[in-house]
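Q: Structure provided below as structure tokens; questions to follow.
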Amino acid sequence: MPNMENFRAFVLAAELGSFSAAARQMGKAQSAVSTAIANLEIDADVKLFDRSSRNPVLTEAGEALLPNAKGILLGNQEFLARATSMSQGVEGQLCVAIEQGISIKPLLDLLQDFGTAFAHVSLEIIAPDPTDMAVLLKQGRAELGLMIEQESYPTGFQFRGVGYSRTVPVATRDHPLTRLAQVRHANLREFRELVPQNRPTAQAGRPRHNKSPSVWYAENPMLALELVAQGFGWAELPYSIIADRLRTGELVQLNYAFQQSDILQGVDAVWTEQRALGVAGQWMLNRLLELPQDVWREGEQAN
């Protein structure tokens, strides 16, 4: 069976144009490189180089097989690098759950750095409903979560605030509320409010502070958005999911007379004590905690 040195000799000789150049690159005698390539030709039962001229030239078979040889060498390098990472305690994969409605744009630089620092860690990003987050973390389906802050978390869960998500009151452009220069509480009470049911039932014992007596609940922010777009009512929704529709004019932001600043909801990083974070997961958590607050506003403005 061919060994890696045979494949390396073949690839270097093809790329450098001579057996002697390949030998210098490998720190071997030219005869050793010639023997390695000859052994590879015997194992493959094909002639890889035409040696009739001064410098060897790839045969048709050699041209066809060169990409495969490069792939074998690359695969071997990736195998060794990943094995080294695992031996150092770096997990092979990491799953991060980001609640629907939380913008990923403030995290793009962090993710770029993660890809560089942990090139051999397979990263999975999922976007569950908030009601699914605790289950995903508890079952080990995800190691780390980002979610809108709650007043309390289940026993065994750890959390730290890392940023915020901006929420915007919106309705369709032909909705009566959008015709008002300033919208008061009394105005909101006249029309149906669409509320994402985005808090776990077990923690929703306190009465909801809805602004209208007429309420429809949607399972998640995306469903609430579609109901708003179809004219079923108005809603306060994450800016990250409505930005495009605000730009096109399909939706219009309501101007609250009683709210002079943005509606901000805190974003928490959440993990469970039952499953210790690995090296990559801890790196991700540390970087999340180090994010400056203005990166969240800049990320949303980029939308």
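The values are calculated or read from the model by the stated rules, or taken from the named source; none is laboratory data. All values reported here derive from a predicted model rather than from experimental measurement. Positions of Cβ are generated from backbone atoms using ideal geometry, with glycine treated the same way; all protein chains shown enter the neighbour counts.
Q: What helices (runs of 4 or more DSSP H) lie completely within segment 1-56 and have 3 or more residues being touching a Phe, Trp or Tyr at 6+ places or on another chain (Cβ under 7 Å) and in the same structural domain as Phe79 (by TED's automatic domain parsing)? I'd like the intermediate steps shown before the answer.
A: Working: elements: 4-16, 19-26, 30-44.
Because the criterion is at least 3 residues that are touching a Phe, Trp or Tyr at 6+ places or on another chain (Cβ under 7 Å) and in the same structural domain as Phe79 (by TED's automatic domain parsing), the helices (runs of 4 or more DSSP H) in segment 1-56 that meet it are 30-44.
Q: Limited to segment 241-263, what total is found for residues that are within 16 Å of Ile104 (Cα to Cα) and aliphatic (A, V, I, L, M)? Step through it out loud before you land on a result.
A: Applying the first criterion (within 16 Å of Ile104 (Cα to Cα)) to segment 241-263 yields 241-244.
From what's left, aliphatic (A, V, I, L, M): 241-243.
Within segment 241-263, residues that are within 16 Å of Ile104 (Cα to Cα) and aliphatic (A, V, I, L, M) number 3.
Q: Does at least one position in segment 235-248 carry a residue that is touching a Lys or Arg at 6+ places or on another chain (Cβ under 9 Å), at pLDDT 90 or above and not in a strand (DSSP E or B)?
A: Checking segment 235-248: at least one residue is touching a Lys or Arg at 6+ places or on another chain (Cβ under 9 Å), at pLDDT 90 or above and not in a strand (DSSP E or B).
Q: Might you check whether a residue that is assigned to a strand (DSSP E or B) and modelled with pLDDT of 90 or more occurs anywhere in segment 198-212?
A: Within segment 198-212, the first condition is being assigned to a strand (DSSP E or B), and the residues that meet it are none.
The answer is no, given that none of the residues of segment 198-212 is assigned to a strand (DSSP E or B) and modelled with pLDDT of 90 or more.
Q: In segment 255-285, what residues are assigned to a loop (DSSP other than H, G, I, E, B) and under 23 Å from Ser122 (Cα atoms)?
A: Just the residues of segment 255-285 that are assigned to a loop (DSSP other than H, G, I, E, B), to begin with: 255, 257-262, 273-278.
Passing the criteria: Glu273, Gln274, Arg275, Ala276, Leu277, Gly278.
Q: Follow-up. Please enumerate the residues belonging to segment 34-58 that are closer than 18 Å to Ile72 by Cα and touching a helix residue (DSSP H, G or I) at 6+ places or on another chain (Cβ under 8 Å).
A: If the condition is that a residue be closer than 18 Å to Ile72 by Cα and touching a helix residue (DSSP H, G or I) at 6+ places or on another chain (Cβ under 8 Å), then Ala36, Ile37, Asn39, Leu40, Asp43, Ala44, Val46, Leu48 are the ones that fit.
Q: Right, next: Given the condition touching a Lys or Arg at 6+ places or on another chain (Cβ under 6 Å), under 24 Å from Ala186 (Cα atoms) and crowded, with 17+ Cβ neighbours inside 10 Å, answer yes or no: does some residue in segment 219-233 qualify?
A: Here is the first cut: in segment 219-233, the ones touching a Lys or Arg at 6+ places or on another chain (Cβ under 6 Å) are 233.
Okay, now just the ones that are also under 24 Å from Ala186 (Cα atoms), so 233.
Remaining after also requiring crowded, with 17+ Cβ neighbours inside 10 Å: 233.
Yes, the conditions are met somewhere in segment 219-233.
Q: OK, next. Kindly establish whether Leu288 is surrounded by fewer than 18 Cβ atoms within 10 Å (Cβ to Cβ), modelled with pLDDT under 95 and in a helix (DSSP H, G or I).
A: Working: surrounded by fewer than 18 Cβ atoms within 10 Å (Cβ to Cβ): no; modelled with pLDDT under 95: yes; in a helix (DSSP H, G or I): yes.
No; evaluated as a whole, the condition is false for this residue.
Q: Checking the conditions here, which among Thr131, Thr172 is in contact with an Asp or Glu (Cβ under 8 Å, 6 or more places away or on another chain) and either of a type outside the set (Phe, Trp, Tyr) or at positive phi (or both)?
A: Details: Thr131 fails: in contact with an Asp or Glu (Cβ under 8 Å, 6 or more places away or on another chain).
Only one candidate passes the filter, namely Thr172.
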